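The values are calculated or read from the model by the stated rules, or taken from the named source; none is laboratory data. Everything numeric in this text was worked out from a predicted model, so none of it was measured. Cβ placement follows ideal geometry from the backbone for every residue including glycine, while neighbour counts extend to all protein chains displayed. Ligands, DNA and RNA are excluded from the accessible area calculation, which covers all protein heavy atoms including side chains. Shrake-Rupley method; radii C 1.70, N 1.55, O 1.52, S 1.80 Å.
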Amino acid sequence: MIDDRKERHMGIAPTASGYGEIHILWVSPGASCDGDAESLSHVSPPSVEDVISEANSGLPKIRLHSTMPVHEADGDSTNAFHRAARGELGPFLLVVEGPIPGGRIGDEGSRTSMGTDPGEPSTSTEWIDRLAPRAWAVVAAGACATHGDTHTMADNSTGCRRLADRLGGDFRSAGDLPIVTVPGNPIGPDDLGKTLLWVVHRAAGQAVPLSPDDRRRPARLLGRAVGEQHPNGALAAAADFERMRAVADAILYEGYLLYPYRKSSPKNRVRWQFGVLAPRSWVESHGPVAPTVAGSAESWRQQTECLLEASHDARDVTVHVRVRFLQLQAKSVERREVDGRYEPVESLEVDGTTHLAFDEAVPRESDIAVDLADLLDADRAFAVWVPGGEEVEQLGDGSGRVIRRRRPVSAMTTLRAQRIDTPVTTYRLRVSTENTGPAITPDTSRNEALRHSLIATHTFLGGCGLEFHSLIEPAEWAAPYARACHNIHTFPVLAGDSGTRDLMLSSPILLYDHPRIAPESPGDLHDAAEIDEILSLRTLTLTDEEKREARATDPRAAEILDRVEGMPQEVMARLHGAVRSLRPDPTAEKTTEGGV
């Protein structure tokens with residue numbers, strides 16, 4: 001929580017959990033620098049429209065102000081800019097886009113006007129001077145605001161400067177933050193969106209602190225562009241990771257919904273058994289968790305350690321990590337009463353379709369790419385964070401609605417590498433992911449704790465200029481180092497095509513090297529402990545009423561039913577069995593020609 005003394009002048013008192021309403025004041029001092037504001041229209045979900053329209057319930061209420069302030073005598077006494085300058089607006093973020101003009105009205109140099117005050121127009125620079133000290137956070141958006149770009153070159157007649165030069169290098173906002181800089185020309189949409197959302201969540205008391213790097217960038221949020229050093233690196237890394245997706249998705253949804261795929265089945269009343277990273281306070285309140293490799297234990301962290309061999313100098317090797325998990329989504333069903341109120345119900349039939357209250361999940365993933373040299377004997381931490389949200393679906397005749405709600409989930413993934421003394425250039429790489437969400441009380445139910453958790457958490461590892469060593473069947477010289485790798489609630493195996501060593505999959509479910517989905521399998525049935533043929537045949541024996549309930553339980557159950565019911569006979573026949581290879585028995589005695 002922020003020091004209360006820094007916030008009393010802001011017109012709204014802090015609460016134990018942070019602020020419930022945040023204002024954003026967007027200032028563009030001129031020089032036609034508005035590409036960063038435009039980039040926000042391309043941000044990944046949640047979109048700007050969703051945030052402003054409060055469709056994302058995990059966020060505080062957001063109020064965006066980007067209109068030009070006017071003099072109060074013009075009749076607009078409630079103008080947000082004037083109110084903020086007087087300390088009456090409440091907590092607000094000041095976003096500055098573009099270079100900062102150095103001139104004043106009547107002077108030489110560049111200046112831009114933003115409304116009028118008695119006597120003369122007000123400049124954008126004067127507004128920045130008035131607003132910045134009262135802002136909960138100040139964000140410099142884009143190359144021009146962060147380091148000046150071409151506008152600040154020597155002998156430039158505009159006299160423009162970067163924002164840090166105007167406010168001072170030791171500037172601290174009312175929220176006790178330095179200037180948050182997000183460079184780019186224009187900024188990558190997700191970099192800007194992610195940074196603004198983090199600042200909003202931080203003001204709301206929902207996000208962990210992030211120390212800026214030496215350029216005031218929230219480096220843990222932005223990480224490093226995958227292709228920043230290696231041409232086509234982003235495309236290559238994405239294509240490589242796609243080779244693991246089929247197996248990884250089977251892990252992601254293992255046990256998601258078990259046969260007979262109905263909500264009423266006892267099997268589906270206790271779900272989410274693998275890779276659960278819950279809030280640390282809740283986990284530890286139930287006793288210590290043994291740091292074993294088993295991923296079926298609920299914990300607050302996972303740790304992967306593996307061996308990688310570098311083909312180049314560490315400065316020319318990029319490590320690429322993708323953290324994947326499910327975010328729980330609570331689906332509730334509400335019936336509309338005669339007086340217009342909505343009442344929660346377990347099920348509701350509308351236009352012949354049954355709707356059931358049931359927990360769903362949304363797949364999430366976060367990518368990190370970093371030079372191997374930057375990981376040597378030093379921790380590099382990166383935020384893994386997804387916002388909460390809410391969607392409302394009105395049902396047919398207006399007699400009810402379905403509401404899907406998600407809580408914000410935050411984690412931190414930390415990377416570290418260590419050179420080990422081996423015949424070839426080898427490193428031990430550690431990837432640790434831990435839940436860093438707000439503490440929840442020990443008496444919180446498991447179902448509620450899961451709403452704050454990363455579920456089915458697993459990790460892809462790859463990169464440029466490196467290969468991995470198997471921890472199951474390492475080379476003879478690597479065996480002692482493989483045994484020394486300490487894996488907690490997850491275990492890494494070689495992935496991709498057999499014989500390759502450029503990918504690893506760290507899974508909470510123990511696998512063998514180069515796992516793959518059987519080519520005969522027509523689709524995931526969410527239960528690897530059963531045989532596809534048996535599950536498919538059992539699914540066909542469900543009664544019409546059972547199938548109706550299964551379809552109402554979850555869209556994935558409906559997909560399974562459609563797939564099994566439409567399965568051609570020849571596909572079903574392939575599920576009966578397959579011989580992968582026929583090899584001679586090496587122990588059989590050889591017989592002479594004509595022998596028995």
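Worth pointing out:
- When each of Asp371, Asp367 is tested for being in contact (Cβ under 8 Å) with a residue 24 or more places away in the chain, under 17 Å from the mean Cα position of the chain (by Cα) and surrounded by fewer than 21 Cβ atoms within 10 Å (Cβ to Cβ), the lone residue that passes is Asp367.
- Restricting the first member to segment 412-440 and to residues that are closer than 26 Å to Ser299 by Cα, and the second to residues that are open to solvent by 50 Å² or more (accessible area, probe 1.4 Å) and aromatic (Phe, Trp, Tyr), the beta-carbon pairs closer than 9 Å and six or more apart or on different chains are Arg428/Tyr481.
- In the set Ala411, Ala381, only one residue is in contact with a strand residue (DSSP E or B) (Cβ under 9 Å, 6 or more places away or on another chain), modelled with pLDDT of 90 or more and under 16 Å from Thr304 (Cα atoms); that residue is Ala411.
- Complete set of residues in segment 445-461 that are crowded, with 18+ Cβ neighbours inside 10 Å and not hydrophobic (A, V, I, L, M, F, W, C): Arg451, His452, Ser453, Thr457, His458, Thr459
- Across segment 271-297, the qualifying residues are those that are farther than 19 Å from Asn487 by Cβ and free of Cβ contacts under 8 Å to residues at least 24 places away in the same chain, and the one among them that is surrounded by the fewest Cβ atoms within 10 Å (Cβ to Cβ) is Gly287.
- Of the strands (runs of 3 or more DSSP E) lying entirely inside segment 376-468, those carrying at least 2 residues that are in the same structural domain as Cys485 (by the TED database) and out of contact with any Leu (no Cβ under 9 Å at 6 or more places or on another chain) are 389-395, 400-406, 409-420.
- Check on Val362, assigned to a strand (DSSP E or B) and open to solvent by 20 Å² or more (accessible area, probe 1.4 Å): yes
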